[in-house]
1. Mean-square fluctuation check for the chain, GNM, Cα pairs under 10 Å: which of 54, 324, 278 is largest?
2. Which GluC sites (Glu not before Pro) does the stretch 126-197 hold that lie in a coil by DSSP with at most 14 other beta carbons within 10 Å?
3. Using only alpha carbon pairs under 8 Å that are at least six residues apart, calculate the relative contact order of the chain and give it in whole percent.
4. Given springs between every Cα pair under 10 Å in a Gaussian network model of the chain, which of 50, 302, 80 has the largest fluctuation?
5. Compare 288, 208, 259 in a GNM of the chain, Cα atoms joined below 10 Å, and give the one with the largest fluctuation.
6. For a quick check: with amide H placed at 1.01 Å from N, whose amide H comes under 5 Å from residue 159's, ignoring anything fewer than 5 positions away on the same chain?
7. Provide the packing ranking of 239-245, 170-176, i.e. peptides ordered by the mean count of other C-beta atoms within 10 Å per residue, highest first.
8. Would you list the membrane-span-like helices of the chain, meaning whole DSSP H runs whose alpha-carbon atoms span at least 30 Å along their axis and whose mean Kyte-Doolittle value is at least 0.0?
Amino acid sequence: VAELAAAAAAVLDALNGTEALNATAKFVASPEGTALAYGSLVLMALLPIFFGALRSVHCSKSKNASDMPETITSRDAARFPIIASCTLFGLYLFFKVFSQEYINMLLSVYFFGLGVLALSHTLSPLMSRIFPESFPNKQYQLLFTQGSDDTKEEIVNYEFDTKNLLCLVIGAVVGVWYLLKKHWIANNLFGLAFALNGVELLHLNNVNTGCILLGGLFVYDVFWVFGTNVMVTVARSFEAPIKLVFPQDLLERGLGASNFAMLGLGDIVIPGIFIALLLRFDVSLKKNSRTYFYTSFLAYIFGLGLTIFVMHTFKHAQPALLYLVPACVGFPVVVALIKGELTEMFR
């Protein structure tokens, strides 16, 4: 799952990491509908960051191969904005040259499989708590090998149990619902699972790497949103659960509402993995304090709120990382300076 989460996060950031909250221009939302939509998006953004960060601490201590995190080095962080830019521009050209319908069909199938696995992994700890210990939890193994006897080589060796199987079934049901209806609730279930898995399983190896990654994507974000129409064009053409959405006309039209405010998953995952790193840093200090985690978490709320305010005021898509990166990096650095722990943070 770690490799899948890494791949998903790369695609998510390249595609929609910086498309700001926006709504269909033809619909004039009521103040209540707008407040509900923006408030719901903020809440949905905070949930995977908070719980993903907590799960990342346990993940870093896990000895289970399937739960091992994918570590991002400084070299990976420096290359990431370039890879993301190439992916984004490549998709832009694809949408210009080929039929949008067929591209989205292929991408929907791809994200269906990825989403089922991500949602299953997200639900797995919850299932373990819900079912009593007396529940008959049988073990299974999916094994594919190549060759025979001494030349036999494992290709796939996946171990799972009855609870994991139930999680896969739930994920598949949501996936079929999404494929058939493209309903915004199904989209958000997959989106939240992607975001939580990304924050949990993508680990920065140190704060320096985090600053390189966020700094590079800060430039990437600003350029592709303000410098060109590529980011917004791809995000609006791309039909996949790569963004969280919430209808501004929910109060008027109920669950059939269709005028959405949206937030790209990259604007959750990228700051989220930095916030999770600071939580692990808090744990490493062994001071029974979560100062840096809560500081960066509050900084994220401030940065996202500022994004919404600017977007709503100027009625134009905003690169959210323009506001999130200075807040999420700057606030903890100031706290470290005050506490005299800056050297320890950046070592």
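1. Maximum among the listed residues: 54.
2. Here the sparse-neighbourhood loop sites are 133.
3. Normalised by residue count, the contact order of the chain is 33 percent.
4. Among 50, 302, 80, the largest mean-square fluctuation in the Gaussian network model of the chain belongs to 302.
5. Maximum fluctuation in the GNM of the chain, among the listed residues, is at 288.
6. Those lying under 5 Å, H to H, from residue 159 are 142.
7. 239-245, 170-176
8. Helices meeting the criterion: 31-61, 74-97, 100-130, 291-314.
The values are calculated or read from the model by the stated rules, or taken from the named source; none is laboratory data. This structure is a prediction, so every number in the text was calculated from the model and none was measured. Counting neighbours? That spans all protein chains shown, and the Cβs are built from the backbone with ideal geometry, glycine included. Protein only, heavy atoms only, side chains kept; ligands, DNA and RNA dropped before computing areas. Shrake-Rupley method; radii C 1.70, N 1.55, O 1.52, S 1.80 Å.
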